[in-house]
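One structure is given below, encoded as structure tokens.
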Amino acid sequence: MIQNTNLRLKNKIAIVVGGGQSIGETVGNGRAASITYAKEGARVIVVDNNLDAAQETVRKIKESGGIGFAYRANAAGEAEIATLIEFVRKKFGKIDILHNNVGISIAGGDAEVTEIHSDNFDQIIALNLKSMIYACKYALPIMREQKFGNIINISSTAVHEDYPWVSYKVSKAGVNALTEQIAIQNAKYGIRANCIEPGLMNTPMAIDSRVEAWNDSREEIIKARDAKVPLNGKMGTAWDVANSALFLASDEAKFITGVTLMVDGGVHLKVGGSGKPNT
């Protein structure tokens, strides 16, 4: 067990919704956040629809000396999320951090607006946006009662870009708006809410889903995406997102709420220049 007394999240209870990950060669955002929170002293409830994936994250947490618990839930199912939040309240007595990470795009059949199938659109909106609304709906009353709480929602720089697929872009724009509303409406309760917008990342969702959908090699996709990043010509990793989340979750960010933090190596500075989508 971690013994460092200067841990930034010591004795915090953190829920990471989407803390497992899809199959791939790198670490995903939810897994990296879960491990990072645990290394800094939080007890982390790793939530995923795939229990095996959640358990693998917990195994890695324990390897690093942290404390984690795996929990299976469909993030798009309101009743399941309500049960999750009540379970955490009863077991731990509080919720310090709610980290909403769930997201899907290409793997969910996303497409341009003229080609999107209604079932695929509904599925992506349910998973990317409604899941976060449900988690906040049930966590906020607990946070209001305890007079503290920290919500971190993972969005995407796709909101601002010439991004080709409508469901993902629209859902992530909704995440930004949701975060701002929660921040202003709950500041009087001592609750903070912030949003992170990852840019081009080398994660299983970003790379492996494109390999499968486009039938291109990993090397080709990575090379093309790296070339679009101004900072060092390399995509970021899930650890870049996790470290940003750690800052927002810690007391170092105690006067920060309602912020959307871009973690993209400067790609946003090029938006509107080439007119090419950052996919």
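Could you please find all residues in the range 143-166 being under 14 Å from LYS94 (Cα atoms) and aromatic (Phe, Trp, Tyr)?
Listed by number, the list holds a single entry, PHE148.
Please enumerate the residues belonging to the range 127-170 that are aromatic (Phe, Trp, Tyr) and either part of a helix (DSSP H, G or I) or free of Cβ contacts under 8 Å to residues at least 12 places away in the same chain (or both).
Hits for the range 127-170 are TYR134, TYR138, TYR168.
Residue-by-condition table, conditions (1) hydrophobic (A, V, I, L, M, F, W, C); (2) surrounded by fewer than 20 Cβ atoms within 10 Å (Cβ to Cβ); (3) at pLDDT 95 or above:
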| site | (1), (2), (3) |
| --- | --- |
| ILE2 | yes, yes, no |
| ASN6 | no, yes, no |
| VAL17 | yes, no, yes |
| GLN21 | no, no, no |
| VAL44 | yes, no, yes |
| VAL47 | yes, no, yes |
| VAL58 | yes, no, yes |
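Residues that are surrounded by 20 or more Cβ atoms within 10 Å (Cβ to Cβ) and at pLDDT 95 or above: find the helices (runs of 4 or more DSSP H) completely inside the range 171-267 holding 3 or more of those.
The qualifying helices (runs of 4 or more DSSP H) are 238-249.
Here's the yes/no breakdown for (1) over 17 Å from ASN49 (Cβ atoms); (2) touching a Gly at 6+ places or on another chain (Cβ under 6 Å):
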{"position": "LYS90", "(1), (2)": "yes, no"}
{"position": "ILE104", "(1), (2)": "no, no"}
{"position": "ALA107", "(1), (2)": "no, no"}
{"position": "ILE116", "(1), (2)": "yes, no"}
{"position": "ALA126", "(1), (2)": "no, no"}
{"position": "LEU129", "(1), (2)": "no, yes"}
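Pairs needed: first member in the range 232-251, closer than 19 Å to ASN100 by Cβ and in contact (Cβ under 8 Å) with a residue 60 or more places away in the chain; second member anywhere, of a type outside the set (Ser, Thr, Tyr) and surrounded by fewer than 22 Cβ atoms within 10 Å (Cβ to Cβ); C-beta distance under 6 Å; at least 6 residues apart or different chains.
ALA238/VAL27; VAL241/VAL263; SER250/ARG8
The values are calculated or read from the model by the stated rules, or taken from the named source; none is laboratory data. A quick note: this is a predicted structure, and the numbers were derived from the prediction, not measured. Backbone-built Cβ (ideal geometry, glycine too); neighbour counts: all protein chains shown.
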